[in-house]
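Okay, so here's the structure we're looking at.
The values are calculated or read from the model by the stated rules, or taken from the named source; none is laboratory data. Keep in mind it's a predicted model, so treat the numbers as computed, not measured. Here the Cβ positions follow ideal geometry from the backbone for every residue, glycine too, while neighbour counts run over all protein chains shown. Ligands, DNA and RNA are stripped out before the accessible areas are found, and what is left, the full protein with its side chains, is counted by its heavy atoms. Shrake-Rupley method; radii C 1.70, N 1.55, O 1.52, S 1.80 Å.
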Amino acid sequence: MSTAKKYQVIGTRPIRHDGVDKVTGRARYGADVQLPGLVVGKVLRSPHAHAKIVRIDTSAAEKLPGVLAVITSKDLPNLAGKIVDLGEGAVNMAHVSANCLAHDKALYKGHAIAAVAATSAYIADEAIAKIVVEYEPLPVVLDLLEAMQPDSPLLHPDVFTDRMGEPSPRPSNISKHIHLEQGKVDEALVEADVIIEREFRTASVHQGYIEPHASTALWNSDGHLTIWTSTQGAFTARAQTAEIFEIPVSQVTVIPCEIGGGFGGKITVYLEPLAAALSRKSGRPVKMSMRRDEVFEGTGPTPGSVIRIKLAATKAGKLLAGEAWLAYDAGAFPGGMIGPGCMCVFSAYDLPNVRIDGFDVMCNKPKTAAYRAPGATQAAFACESVIDELAETLQLDPIEFRLQNAAKEGTRRADGEVYRRVGLIECLEAARASDHYRTPLIGKNRGRGIAAGFWFNIGLKSSCTAHVNPDGTVTLVEGSTDIGGTRTSVAMQLAETLGIAAADVLPHVGDTDSVGYTDVTGGSRVTNATGKAAYQVGLDIQRQMIDRAAVMWECPASEVTVERGVYRHKDQSIAFKELAVKVPHLGDPVVGRASIDAGGATNAFGVHLVDLEVDTETGKVSILRYTAIQDAGTAIHPSYVEGQLQGGAAQGIGWALNEEYAFDDEGRMQNASFLDYRMPTALDLPMIETIIVEVPNPDHPYGVRGVGETPIVAPPAAVANAIYRATGLRMRQLPISPPRLWKAIAEAGG
Amino acid sequence: MTNVFVPPQLQALIDGRPSVELPGETVRQLLRVMHEKYPQLAARLWDGEKLLPGWMVSIDGRVPPNVMSAKLSQSREVHFLPAIGGG
């Protein structure tokens with residue numbers, strides 16, 4: 001049975017609740033905030049990628065008329081050794097604070113050194129220019145393999161290599177070493193008929209959200225701090241800010257604004273603590289917005305990587321063993337997504353014997369941040385490229401080879417986790433049956449590629465409340481900020497539960513004072529976890545509505561039944577909306593609430609197909625046709641699912657073909673604008689076709705898995721595999737930009 | 001008894017074995033027993049009250065809500081895994 005037939009609301013495509021405000025420009029984003037007495041904050045950033053800060057003289061800036069406050073790291077508490085769990089994992093708050101404002105060293109070009117609040121942007125800029133900073137430049141390390149060497153310039157003398165709680169004897173730029181192992185790898189390698197071992201490199205890439213970071217803070221004279229900000233998580237922004245200032249969370253209110261894209265890059269705080277410190281010092285509300293170059297240089301890209309993969313198989317095409325060595329560039333502070341990289345690298349395959357070593361490596365680049373399936377895309381590029389090469393070596397169809405070895409229910413992943421019901425096989429079968437795959441690709445220098453992708457999709461904590469209005473609508477307040485249309489996907493689940501139309505649920509994103517604790521909007525978790533909370537809110541409201549109906553019909557509540565929003569007692573019936581009109585006369589107002597811990601991963605797989613053509617004279621790649629296939633569990637709003645698949649594919653294609661941070665030898669980014677940092681536009685891509693596979697998640701009442709991250713994982717490998725078919729060249733370094741591909745073609749004699 | 005799988009980097013703390021059998025009706029009880037039998041291992045995983053930051057627990061392939069009170073009575077295996085987030 002299709003989703004649309006099984007449900008009344010789920011699987012339909014209602015108009016999004018926030019659509020009118022967004023298309024008319026009325027939606028309030030971070031930079032739109034206006035308050036009485038508002039002043040402007042600006043940041044002074046380091047021109048050096050690695051330098052000791054000998055002295056900062058702010059006196060001239062402070063004397064400038066119109067300047068209300070100047071801050072440096074001295075205005076923030078010393079948080080040495082403070083480790084905090086922010087829901088998505090452990091965070092060293094000293095590092096978060098030092099990333100917001102450099103302490104004794106600038107660790108990357110663009111590192112914030114000081115900030116100014118002034119009555120105008122012009123005065124703030126002038127004041128920034130008057131701050132004198134004496135630097136002592138230090139040797140710069142940009143390449144992560146160089147950074148791993150014992151004699152490399154050391155970023156942090158107090159960071160040691162952590163091996164699951166055991167530190168290395170000496171400080172190191174390698175902040176973490178992860179080792180995973182299952183089965184008997186060495187014995188399996190001996191038994192193998194074919195072994196392929198390759199090395200891959202990927203560049204640092206940015207999330208490229210269209211809205212730069214923007215935050216406004218008001219530190220009131222009563223000590224209460226209010227922050228309006230563009231964030232993926234109001235509660236995590238509150239927790240980080242409170243921890244940085246060592247104040248209780250109840251002293252901080254975070255009001256999340258509409259968000260113009262995040263993709264993982266708006267979880268860590270950057271401007272919030274600076275605006276707060278400036279407001280505390282100036283006594284005025286302070287608004288700060290980044291320029292695009294500040295976004296590139298001062299916020300987190302996702303890690304560049306070096307990955308070595310060894311895969312072994314039998315002649316018959318059975319995968320026997322895999323080894324992976326992964327080094328991820330964390331940037332200036334620890335935390336470069338190496339954990340999920342290790343867990344994801346072989347996640348699409350039923351591989352009984354695996355050995356994985358992963359290294360989190362610091363270098364003089366901006367501190368990396370999450371980006372859609374953080375750590376998985378790099379790993380999939382490497383693994384899926386070798387899988388493709390193995391299939392070719394074994395003369396097997398790439399889909400058949402993957403089907404033969406696909407992860408399924410009962411497969412044990414490298415980290416030990418055993419999958420429950422997952423949908424990779426269904427995605428591969430959908431790819432094989434697709435019009436795209438069955439249509440021959442003809443033409444010179446053209447190739448078709450395929451790759452699989454995986455992301456966990458997490459659960460964590462979510463809260464919702466809802467109240468029934470006397471006109472039959474239901475107002476829903478949820479704690480999840482809406483970065484991907486989740487207002488509507490969550491509202492639809494409440495509507496389904498109550499048996500009312502999606503338009504009759506009025507969703508709102510609450511601030512940290514108006515809704516219960518909710519973890520960050522990330523990990524593709526909101527439609528799953530907050531949707532589960534909305535479902536429970538619906539059950540809560542339904543119970544109360546049954547009570548009101550029982551009062552109306554003067555019968556025990558146990559005799560009232562409800563189905564698809566119609567309440568019945570014997571031959572009497574009343575629809576939800578009609579009953580809602582009567583609620584004010586039948587008892588207390590009806591308010592539902594739910595706060596849940598949704599548990600762990602829902603495990604979503606996708607398969608991508610791409611046809612492309614290579615211009616061998618220039619190295620330019622043109623995407624001819626692209627199909628993204630994914631197991632959504634249940635597609636609550638299919639248009640949103642399709643949009644996520646298209647958006648992820650587009651970002652992955654950019655990662656594959658063009659995007660990279662280009663640094664000079666001194667660590668200065670050379671392409672910190674959208675003119676030079678080449679993201680794909682609508683002119684570069686065909687319409688991305690989508691196929692939604694629905695293998696319901698057994699742990700969700702409506703079967704939701706979440707969809708937002710998996711679609712970025714497969715594209716680089718699919719593109720690289722297609723380029724091989726087009727040119728005969730295995731490209732193992734991202735991006736496969738025109739100069740790089742042209743050079744490879746030329747070196748191959750083409 | 002539940003088969004508790006130990007990450008390879010911690011297996012030296014239990015004489016190189018990949019797993020240990022431990023009793024306990026909940027994750028909390030299991031960790032208390034682990035603390036008695038393998039205090040060095042337990043110290044890497046929890047602080048006596050909650051999991052240390054950066055860890056999560058999987059029970060028979062499912063990462064349960066409210067992990068410390070998660071029931072183990074019918075479970076076969078427990079894994080301690082690096083916590084995951086997302087973008």
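Given the Cα atoms of the stretch A:426-548, and with Rh set as the inverse mean 1/r over their pairs in the Kirkwood sense, what is Rg to Rh to two decimals? Let's see the in-between values first.
Working: Rg = 20.2 Å, Rh = 16.8 Å.
When Rh is taken as the Kirkwood radius, the ratio is 1.20.
From the cross-link list A:K367/A:K620; A:K266/A:K461; A:K461/B:K50; A:K74/A:K281; A:K52/A:K176, which pairs have alpha carbons spaced over 20 Å apart?
Numbers: A:K367/A:K620 31 Å; A:K266/A:K461 18 Å; A:K461/B:K50 16 Å; A:K74/A:K281 12 Å; A:K52/A:K176 25 Å.
Result: A:K367/A:K620; A:K52/A:K176 exceed 20 Å.
Note on A:E392: accessible area approximately 80 square angstrom, rounded to 10, probe 1.4 Å, nucleic acids and ligands left out. The separation of the stretch A:111-134 from the stretch A:167-240, counted between C-alpha centres, amounts to 31 Å.
As an equivalent ellipsoid, the protein assembly as shown spans semi-axes of 39, 37, 28 angstrom, where each value is the square root of five times an eigenvalue of the C-alpha gyration tensor, largest first. Each of A:T616, A:T229 has its accessible area taken with a 1.4 Å probe; listed largest first, they run A:T616, A:T229. Averaged over peptide B:51-60, the number of partner chain Cβ atoms lying within 10 Å of each residue's Cβ comes to 5. Under 10 Å from the Cβ of A:L68, count the other residues' Cβ atoms, weight Lys and Arg +1, Asp and Glu -1, and hand me the total. It works out to a net charge of +1. Ordering of A:284-294, A:340-350 by packing is A:340-350, A:284-294, highest average first (other Cβ atoms within 10 Å, averaged per residue).
Rounded to the nearest 5, what is the percent of antiparallel bridges among the DSSP beta bridges in the stretch A:458-584?
Taking every DSSP beta bridge within the stretch A:458-584, about 70 percent pair in antiparallel fashion.
Count the net charge of all other residues whose Cβ sits under 12 Å from the Cβ of A:L278, scoring Lys and Arg as +1 and Asp and Glu as -1.
Values: positive: A:K42, A:R280, A:K281, A:R284, A:K287; negative: A:D75, A:E272.
That works out to +3.
Across all Cα pairs in the stretch A:82-163, the calculated P(r) in 5 Å bins from zero up to the longest distance comes to 3, 11, 16, 18, 18, 14, 9, 8, 3, 1 percent per bin.
Within 10 Å of the Cβ of each residue in A:591-604, the mean number of Cβ atoms contributed by other protein chains is 3.
Please report the equivalent ellipsoid semi-axes of the stretch A:182-241, computed as sqrt(5 x eigenvalue) of the Cα gyration tensor, largest first, in whole Å. Let's see the in-between values first.
Working: eigenvalues 548, 64, 12 Å².
Whole-Å semi-axes of the equivalent ellipsoid: 52, 18, 8.
Give the Rg/Rh ratio for the stretch A:1-136, taking Rg as the radius of gyration of the Cα atoms and Rh as the Kirkwood radius, to two decimals. Numbers along the way, then the final one.
Numbers: Rg = 22.4 Å, Rh = 18.6 Å.
We get a ratio of 1.21 for the stretch A:1-136.
Listed peptides A:647-660, A:26-39 appear in the order A:647-660, A:26-39 once ranked by packing, highest mean of other Cβ atoms within 10 Å at the front. When all protein chains stay in place and ligands, DNA and RNA are ignored, the 1.4 Å accessible-area order of A:W325, A:W228, largest first, is A:W325, A:W228. Inter-chain Cβ neighbour count for A:363-372, averaged per residue, equals 1 (cutoff 10 Å, partner chain atoms only). Placing one equal scatterer on every Cα of the stretch A:556-607 and applying the Debye formula, the log10 ratio I(q)/I(0) at q = 0.20 Å⁻¹ is -0.83.
Spherically averaged projected area of the convex hull of Cα atoms, the stretch A:265-397: 10.1 nm². Relative to the Cα centre, the charge distribution of the stretch A:285-328, modelled as +1 at Lys and Arg Cβ and -1 at Asp and Glu Cβ, gives a dipole magnitude of about 300 debye. Put the Cα centre of the stretch A:703-724 next to the Cα centre of the stretch A:445-482 and the gap is 19 Å. When both the stretch B:53-87 and the stretch A:283-340 are represented by their alpha-carbon centers, they are found 24 Å apart. Electrostatic tally near A:I259: other residues with Cβ closer than 15 Å to its Cβ, Lys and Arg +1, Asp and Glu -1, net -3.
So what does log10 I(q)/I(0) come out to for the stretch A:154-253 at q = 0.10, 0.11, 0.15, 0.24 Å⁻¹, using the Debye formula with one equal point on every Cα and no solvent? Once normalised to I(0) and log-transformed, intensities are -0.65, -0.74, -0.98, -1.12.
Quick one: pull the percent of accessible area on the protein assembly as shown belonging to carbon and sulfur, 1.4 Å probe, ligands and nucleic acids left out.
Working: 15490 of 30740 Å².
Within the protein assembly as shown, the accessible surface is 50 percent carbon and sulfur.
Could you quote the convex hull projected area for the stretch A:584-641, Cα atoms only and averaged over all directions, in nm²? Display every interim value, and only then the final one.
Details: hull surface 34.7 nm².
In nm², the orientation-averaged hull projection of the stretch A:584-641 is 8.7.
Checking the a/c ratio against 1.5 first, then a/b against b/c, what shape does the Cα gyration tensor give for chain B? Rounded, because the longest to shortest axis ratio a/c is under 1.5.
Averaged over residues, the count of other Cβ atoms within 10 Å places the peptides A:412-421, A:684-693, A:484-493 in the sequence A:484-493, A:412-421, A:684-693, highest first. Contact with the other protein chains removes 30 Å² or more of accessible area, compared with the isolated chain and a 1.4 Å probe, from these residues of the stretch B:71-87: B:E77, B:H79, B:L81, B:P82, B:I84, B:G85, B:G86, B:G87. Computed about its Cα centre, the charge dipole of chain A is approximately 700 debye, with only Lys, Arg, Asp and Glu carrying charge at their Cβ. Kirkwood radius, the stretch A:602-712, all distinct C-alpha pairs, inverse of mean reciprocal distance: 15.7 Å.
Could you compute how much accessible surface B:F5 exposes when probed at 1.4 Å, giving the result in Å² to the nearest 10? Counting only protein heavy atoms, the figure is 50 Å².
Rg then Dmax, both in Å and based on the Cα atoms of the stretch A:548-667: 27.4, 83.
Overall shape of the stretch A:624-681 was characterised from the C-alpha gyration tensor. The equivalent ellipsoid obtained from it has semi-axes of 32, 11, 10 Å, in decreasing order. Would you check the accessible area of A:K582, probe 1.4 Å, heavy atoms only, in square angstrom rounded to 10? Rounded to the nearest 10, the figure is 90 Å².
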